[in-house]
Every structure is written in C-alpha cells, then in structure tokens.
Amino acid sequence: MDTDVVVIGAGAAGSSTAWHLARRGREVVVLERFARGHAWGSSHGSTRIFRVAYRDALYSRLAAEAIPMWRELERASGETLLEQTGQLDHGFPTAIDEIEQTLRAGGWAFDRLTPAEGRERWPGMDFDETVIYSPDGGRVFADRTIEALLRLAEQAGARLCFEEPALAIERAGEGVRVVTDAGAVTARVVVVSAGGWLPQIAGLGIFGIGLPRLQVTAQAPVHFAIRPGFAFPSYVHHVGSDAVDHTFAYGAYGLESPGEGVKVGLDTMDVIDDLAARSLEVPASAIEAAADYAHRWLPGADTSVASAVSCLFTMTDDSHFLLDRRGPVVVMSPCSGHGFKFTPVLGALAADVVEGADPWAREWRLPA
Ligand SMILES: Cc1cc2nc3c(=O)[nH]c(=O)nc-3n(C[C@H](O)[C@H](O)[C@H](O)COP(=O)(O)OP(=O)(O)OC[C@H]3O[C@@H](n4cnc5c(N)ncnc54)[C@H](O)[C@@H]3O)c2cc1C
C-alpha cells in the first residue's frame, strides 16, 4: 500500500479527519479537488455560528463534546477559533420551547425573554414571539480553522495534494485504490469527505455504500456594516410550523463577524444541478432579500454597506449527518448547513471509525 489512509476532500470534515489521523501516527494522504483556501465548497468564509442550543439533544451533546476539542485545537495551533460570545434563538414558540428543554436537560445556562426584553438587551435587533439566550454559544472562525487543521496535519506528517481530485475508488486487495488524474494511490482505508461532490465519487456502490438523497444548493450569506454603538450575538430566527424538520429549520440566521459586519443568512437555496457549471457570483436579489430582512429585524445593521459570498449547502432529507463504513471505505459528511461547529469532533469520529469503531454506536444515521 502507498499509504495507510487517503482522505478525499479538505473541507471541515476532511481536514479535521486528516489532523486526528496524522496525530495518532497514521500515514495520511489528503486529495483536494481545488487549491488551498478555495471558496468552492462549504467551509470557507470568516465565521460560523457555534451553538449548544438545539431542538435535537443529539447535536447539543455533540456541541458539548466539541468545546474542549476546539480548545485543544486552539492550543495546538496558537489561534483563536471559538469565541463563546453568546447566541440566541427567537420566533416559533414550539422551537424555542424544545430548545429550552434541551438546554435544561443538558444543564446549560439560558435566559428566556420576551421580545421587549430582547430589544432592551440587544437594541440592534428586533424579536419574534419569544426569545431564548444561551451564553455558551457564539462563533467559530472558519477559514482560520481549516488552515490551522491543514497546517497541523502537515506538521504531523500528512501529505496534502491540492488540485488533485479523486475520480474513482476501486478495490485493491483488502484495501482501496483511489484513482486521480495523476495516477492512483493505494491505501488501507479511504475517508470520503467530499461534501456536495460526494455523489460524484465513482465506485462507492462497489463497496455497498448507498448514499441517501442529497440536495446540493447554494446559499449566499450577506454581511452588512454595523451602525455605531450596536453589537450582535449569534442568532437563529425560527419560523415555520410543527411540520418542519426538527433539527435546524429556521427562516434566518446570522452573527457578528469581526471586521466584516453582521451576517444575514436566509433559508433560501438555489438548487445546483451541475457543480462544474456553478458560478460564485451572488445575484443582486440575494442581497436585496437579506437587506429586506435586516430592515425588518436588524435595526443596528447598515444595509448600505454589504458584501456576500456563495457557499455550497448540501442537505440530507432529515438534516442529519453521514458517517458510515463499508469495508475499507468510510463516508463522513456533516452536510446540511450546520456542521462547522462540530469540526474537531467530526474528524475524531471519522478517525475512530477508521480505527475500527462502530459508526452505528452513536445515533448517526445513514439510511441503507
Ligand atoms: C451559507 C452557509 C452557512 C453555514 N452556517 C453554519 C453555521 O453557522 N454553523 C455551522 O455549524 N455550520 C454552518 N454551515 C455548515 C458548514 O459550513 C458545513 O457543514 C461544513 O463546512 C461542511 O464541510 P465539508 O467538509 O463536509 O464540505 P466542504 O467544505 O465542501 O468540503 C468538501 C471538500 O471536498 C473537496 N472535493 C470534492 N470532490 C472531491 C474529489 N473528487 N477529490 C478531492 N476533493 C474533492 C471539495 O473541493 C471540498 O474542499 C454553513 C454552511 C453554509 C453553506
């Protein structure tokens, strides 16, 4: 075998997996389709929301596991990566009640507020129906995290190959052969963490990996300047009904990104039929929609100054993550728009599965 483990994809999932495996002494080769620091996937940009406030307790527990691992990653990299600056949810009362239950059951601190109390505390925001504040939430720094993970993986001996897409996976004895334009790499195990490109990796079926339906979309979060004197916690604005998905359905989300402004992400997605033909250009309508939202809900935002990026948003039908192993093939994808906060723990889980742990031992789901 050329190496112990090949990791396909160097986004949040792949770079974290490579770091964990390399520091555990595994020989690792990372194949990444694009250049280092690229903006074509899901893991670029300055910030992401960190929260323990979930309707589904599974993700709250996972976020709890992630906190000490973020701190460990910060110590190892010398970078600030997680800031627990606080996070709030507001809107649809059923969602807020369920979040309260999860926080209460997990022993987390929280404040339940009326919209008027919310406005008093955060005058840069307006609030819908009912509010819950979680001081343990906040933000994580995305680009900085990916670069830190790649650097640490390299320092621990991983070989990083950029602009070298994996084309197919084939059997090679008990292991795998990962085919690229440059040739092939044989390995004992391959971890496929290709995000929205997952369905394009040829050969998964040979190993009995049956992917669930994945919808690949693009979302364009917009940053607006912040009017003097205002500050924003991370926020999730829940709209909807009991019929919507229970894990993360919301109408809008955002946070303050230092130096950039306040982010507005809306739950509107452009379906991407052909990833190769995708443009990174953000339509003016996306910025207008975010400005309309900010006019209504974020009086502390200055919508005359805006910047936006396109981000790939891959969704399973139930918003859960993928983690599975069939023989020498491990699939790891947080998908579904809420995975970044778990980055250090996702890589640890994938590394555990590479080393023989049962992916079904936790409540992960990958429909057959
Ligand atoms: C707009 C937006 C907002 C979000 N907000 C939040 C948030 O606030 N909080 C939060 O926790 N999460 C958030 N997320 C979700 C989070 O960012 C994602 O869950 C996470 O980044 C997914 O990482 P990934 O590694 O699975 O995918 P990616 O980052 O897309 O990584 C996959 C990598 O695989 C590479 N690749 C693909 N095909 C191949 C191939 N054949 N060979 C080699 N390499 C290949 C790609 O180039 C890419 O680098 C958000 C996502 C988006 C899009």
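The values are calculated or read from the model by the stated rules, or taken from the named source; none is laboratory data. Every value quoted in this text rests on a predicted model; they were computed, and no experiment measured them. Methodologically, a virtual Cβ is constructed for each residue, glycine included, from the backbone with ideal geometry; neighbour enumeration extends over all protein chains shown. What goes into the accessible areas is simple: the full protein's heavy atoms, side chains included, and nothing from ligands, DNA or RNA. Shrake-Rupley method; radii C 1.70, N 1.55, O 1.52, S 1.80 Å.
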When you scan the stretch 205-216, do you find a residue that is of a type in the set (S, T, N, Q), within 13 Å of the ligand (Cβ to nearest atom) and open to solvent by less than 30 Å² (accessible area, probe 1.4 Å), even just one?
no
Quick one: is Val7 more than 6 Å from the ligand (Cβ to nearest atom), under 19 Å from the mean Cα position of the chain (by Cα) and part of a strand (DSSP E or B)?
yes
Answer yes or no as to whether His223 is away from the ligand (no atom under 14 Å from the Cβ) and farther than 20 Å from Arg278 by Cβ.
no
Is the stretch 113-120 home to any residue that is out of contact with any Phe, Trp or Tyr (no Cβ under 7 Å at 6 or more places or on another chain), at pLDDT 95 or above, within 15 Å of the ligand (Cβ to nearest atom) and not acidic (Asp, Glu)?
no
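Here's the yes/no breakdown for (1) at positive phi; (2) out of contact with any Asp or Glu (no Cβ under 9 Å at 6 or more places or on another chain); (3) charged (D, E, K, R):
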{"site": "Arg119", "(1), (2), (3)": "no, no, yes"}
{"site": "Arg139", "(1), (2), (3)": "no, no, yes"}
{"site": "Arg144", "(1), (2), (3)": "no, no, yes"}
{"site": "Ala182", "(1), (2), (3)": "no, no, no"}
{"site": "Val189", "(1), (2), (3)": "no, no, no"}
{"site": "Gly203", "(1), (2), (3)": "yes, no, no"}
{"site": "Pro221", "(1), (2), (3)": "no, yes, no"}
Can you go through Ala64, Ala95 and tell me which one is in contact (Cβ under 8 Å) with a residue 12 or more places away in the chain and either within 15 Å of the ligand (Cβ to nearest atom) or over 23 Å from Ala252 (Cα atoms) (or both)?
Ala64
Quick one: how many residues across the stretch 162-185 are touching a Leu at 6+ places or on another chain (Cβ under 9 Å) and open to solvent by less than 20 Å² (accessible area, probe 1.4 Å)?
5
Just to be sure before I move on: is Ser60 under 18 Å from the mean Cα position of the chain (by Cα), more than 25 Å from Phe232 (Cα to Cα) and either assigned to a helix (DSSP H, G or I) or modelled with pLDDT under 95 (or both) in the structure I sent?
no
From the options Thr85, Thr94, residue that is assigned to a helix (DSSP H, G or I) and either polar (S, T, N, Q) or touching a strand residue (DSSP E or B) at 6+ places or on another chain (Cβ under 7 Å) (or both):
Thr94
Could you grab the pairs with beta carbons closer than 7 Å, sequence gap of 6+ or different chains, first residue in the stretch 26-54 and open to solvent by 40 Å² or more (accessible area, probe 1.4 Å), second one of a type in the set (S, T, N, Q) and modelled with pLDDT under 95?
Ser42/Thr314
Just one listed residue, out of Thr303, Thr268, is over 22 Å from the mean Cα position of the chain (by Cα) and polar (S, T, N, Q), and it is Thr303
Within the group Arg151, Arg139, which residue is touching a residue at least 60 places away in the same chain (Cβ under 8 Å), among the charged types (D, E, K, R) and not in a helix (DSSP H, G or I)?
Arg139
